[in-house]
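The values are calculated or read from the model by the stated rules, or taken from the named source; none is laboratory data. Values in this document were obtained by computation on a predicted structure and should not be read as measured data. Glycine gets a Cβ as well: all are built from the backbone with ideal geometry, and neighbour counts include every protein chain shown. Heads up: the accessible areas ignore ligands, DNA and RNA and are worked out on the full protein's heavy atoms, side chains in. Shrake-Rupley method; radii C 1.70, N 1.55, O 1.52, S 1.80 Å.
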Amino acid sequence: MTSSTPTASFVIVANRLPVDRVQGPDGAEVWRRSPGGLVAALEPVMQAVDGAWVGWAGQSDLELKPFVEDGILLLPVTLSAQEVEEYYEGFANDTIWPLYHDVIAPPQFHREWWDAYVRVNRRFAERAARAVSQGGTVWVHDYQLQLVPAFLRELRPDLTIGYFHHIPFPAHGLYAQLPWRDQVLQGLLGADVVGFQRAQDATNFLAAVRRRLRLEVKGSTVSVPWGGPRTTVARAFPISIDTTPYTELAARPDVRARAAEIREGLGNPRKILLGVDRLDYTKGIRHRIKAFGELLDQARLSVEDVTLVQVASPSRERVDAYVQLRDEIELAVARINGDRDTMEHTAIRYLHQGFPREEMVALYLAADVMLVTALRDGMNLVAKEYVAARGDHRGVLVLSEFTGAADELRQAILVNPHDIDGLKDAIMQAVEMPPREQARRMRALRKRVLENDVNAWSRDFLAALENVRSAR
Ligand code: G6P
């Protein structure tokens with residue numbers, strides 16, 4: 001342990017730090033808090049217990065000393081340009097990501113990528129091991145770091161270790177394709193608690209553990225023979241959002257005025273449909289655009305009446321599958337707009353940009369119908385953001401059955417996005433839904449989202465970890 005590193009009793013390990021390095025107004029690089037909900041959820045815990053956060057700053061070859069931002073001690077991990085290519089773009093986002101999302105895109109298996117993944121996971125584990133105090137707690141996040149729990153346990157058997165998996169865990173038939181399937185399971189089993197989004201993800205993981213490693217599984221508990229004997233609990237802890245900023249922003253007069261301005265800017269169509277996604281092949285953006293295009297072709301909808309706003313924020317832009325997807329979507333949007341736009345109205349307002357939260361809430365308020373048509377999604381927090389923002393009890397959520405959110409948000413219009421005719425009918429049902437039915441559904445959805453917010457999620461997970469510690 002180096003003397004320069006302060007020790008923390010609670011350490012988060014995630015691929016990304018909770019801040020992004022961005023250009024400030026005077027051109028200098030500054031830190032800006034990441035918009036994600038994870039930091040908001042964990043901030044109160046971190047501050048109460050003197051926490052630290054291990055992660056990557058999002059640029060290659062950036063050597064940074066530990067620093068404090070918003071009261072949280074940040075411990076940066078450096079990745080070389082080659083490691084960004086092989087560990088992050090390669091193994092994490094071109095092997096695990098497509099494989100775990102039911103092979104929507106073909107996963108690439110490369111041994112050099114695996115070697116880089118092992119090496120970088122070890123580096124994250126070593127960084128956390130140096131930072132955490134005796135008997136402390138480490139909470140590891142997501143698919144980029146599946147080997148960290150076991151590396152950490154090897155380095156520091158005194159720790160309580162949690163892992164949360166933010167994306168789906170696939171059925172065994174697909175998981176079994178992974179050449180390193182046993183090593184990944186062993187990596188995860190280093191944790192005392194392995195959390196998943198849906199009960200089905202936990203079931204898939206436990207089935208893989210039983211079938212591949214032949215370990216004893218009772219209910220949600222695995223008996224782990226090595227480094228112990230000990231147990232690992234695997235179960236669902238569905239993640240949510242910090243609802244407060246959404247309800248507060250949605251009530252602000254200036255944000256409501258901005259929503260009216262957005263409608264105006266689109267030519268005051270009778271209905272606005274909205275899609276908000278990272279530009280990712282798991283999100284079903286093409287399916288949504290296809291369904292909308294056919295509704296226009298068949299004159300079931302017209303551009304005078306309805307506009308689709310599609311916000312697609314740039315993501316993983318150096319991975320081939322994402323480059324291809326962008327081309328396909330932009331071609332489809334341009335074709336539909338070319339055929340259908342008038343001087344006054346557009347069919348699809350496509351924005352390949354991210355927006356600040358205020359603007360997003362204005363957009364949620366302007367949107368009569370929110371389209372979440374993911375082909376596979378761990379949770380989908382956009383669906384929950386839309387619901388949290390609609391304190392006026394208006395608006396309709398169309399939600400894919402293949403999202404984690406669909407397990408909870410049963411009063412949405414649930415769709416199978418592969419069924420284009422079914423999707424078209426669902427869009428029509430949403431466009432035509434009377435205000436009373438909108439309000440009835442939205443009330444029920446809001447009750448669910450407001451009662452199960454991200455604070456409840458972190459509380460539940462940390463309580464499960466505490467149970468393990470006290471049972472020792
Ligand atoms: C998903 C993953 C996160 C990831 C995020 C953005 O939500 O579960 O772990 O951070 O996408 O992707 P990126 O590759 O930009 O970190």
message: What is the percent carbon and sulfur in the accessible area of the range 51-194, measuring with a 1.4 Å probe over the protein chains and ignoring ligands?
response: 47
field: Ser313/Arg472 FRET efficiency (R0 51 Å; Cβ-Cβ; nearest 0.05)
entry: 0.75
message: Taking 8 Å as the Cα distance limit and 6 or more residues as the minimum spacing, I'd like the relative contact order of the chain as a percentage.
response: 13
- request: Distance check, please: which entries in Lys218/Lys283; Lys271/Lys384; Lys218/Lys384; Lys65/Lys283 exceed 25 angstrom between their Cα atoms?
  value: Lys218/Lys283; Lys218/Lys384; Lys65/Lys283
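Subtract the Cα-Cα distance of Trp226 and Val22 from 0.36 nm times their separation in residues, and report this length gain in nm to one decimal.
69.0 nm
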field: the chain - Debye-derived log10 I(q)/I(0), Cα point model, q = 0.06, 0.12 Å⁻¹
entry: -0.27, -1.10
field: Rounded to 5, the percent of DSSP beta bridges in the chain classed as antiparallel
entry: 25
message: As I understand it, the value is the acute angle between the Cα axis of helix 285-297 and the longest principal axis of the Cα atoms of the chain; what does it come to in degrees, rounded to 10?
response: 10
- line: Once amide hydrogens are built 1.01 Å from N within the peptide plane, the residues lying 5 or more places from Thr231 or on another chain with amide H under 5 Å from its amide H are Val224
message: Could you give the length gained by full extension between Gln47 and Glu304, i.e. 0.36 nm per residue of separation minus their alpha carbon distance, to one decimal place?
response: 87.4 nm
message: So with the 1.4 Å probe, I'd like the accessible area per residue for the range 243-451, rounded to whole Å².
response: 42
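Please give me, ordered by residue number, the trypsin sites (Lys or Arg not before Pro) of the range 225-293 that lie in loop per DSSP and have at most 13 other Cβ atoms within 10 Å.
Those satisfying the criteria are Arg270.
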statement: Taking Cα atoms, the helix 111-131 axis meets the longest principal axis of the chain at an angle in degrees (rounded to 10) of 70
Whole-Å distance, taken between Cα centres, linking the range 123-153 and the range 45-86: 13
query: Ignoring ligands, DNA and RNA, how do His393, His110 rank by accessible area with a 1.4 Å probe, largest first?
result: His110, His393
- prompt: Taking amide H positions as placed 1.01 Å from N in the peptide plane, with prolines and chain starts having none, which residues 5 or more places from Val309, or on another chain, fall under 5 Å of its amide H?
  reply: Leu273, Leu274, Gly275, Arg349
- request: Go ahead and run the numbers for FRET between Asp392 and Glu432, Cβ-Cβ distance against an R0 of 25 Å, rounding to 0.05.
  value: 0.85
- prompt: Just the accessible area for His101, please: 1.4 Å probe, Å², rounded to the nearest 10?
  reply: 0
- prompt: Regarding the range 124-235, what whole-number volume in Å³ per residue does the convex hull of its Cα atoms give?
  reply: 90
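On a full-extension model of 0.36 nm per residue, what is the gain between Thr7 and Glu328, subtracting their alpha-carbon distance, rounded to one decimal in nm?
Result: 110.7 nm gained on full extension.
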- line: In whole percent, the fraction of accessible protein surface over the range 243-451 that belongs to carbon or sulfur atoms, probe radius 1.4 Å, stands at 46
query: Any idea which of Thr247, Leu381, Ala291 is furthest toward the positive side of the dipole for the range 243-451, if Lys and Arg beta-carbons carry +1 and Asp and Glu beta-carbons -1?
result: Thr247
field: Charge dipole magnitude, Cβ of K and R +1, D and E -1 - the chain, Cα centre, debye nearest 20
entry: 1480
message: Please compute the contact order of the range 367-472 in relative form: average sequence separation of alpha-carbon pairs under 8 Å and at least six residues apart, divided by the residue count, as a percent.
response: 27
- prompt: If amide H atoms are built 1.01 Å from N in the plane of the peptide, which residues on other chains or at least 5 residues away come under 5 Å of the amide H of Thr7?
  reply: none
- request: Could you order peptides 80-91, 441-452, 367-378 by the average number of other Cβ atoms within 10 Å of their residues, highest first?
  value: 367-378, 80-91, 441-452
message: Tell me the per residue accessible area of the range 1-131 using a 1.4 Å probe; a whole number in Å² is fine.
response: 43
- prompt: In degrees between 0 and 90, to the nearest 10, how far off the longest principal axis of the chain does helix 454-471 point, with axes built from Cα atoms?
  reply: 20
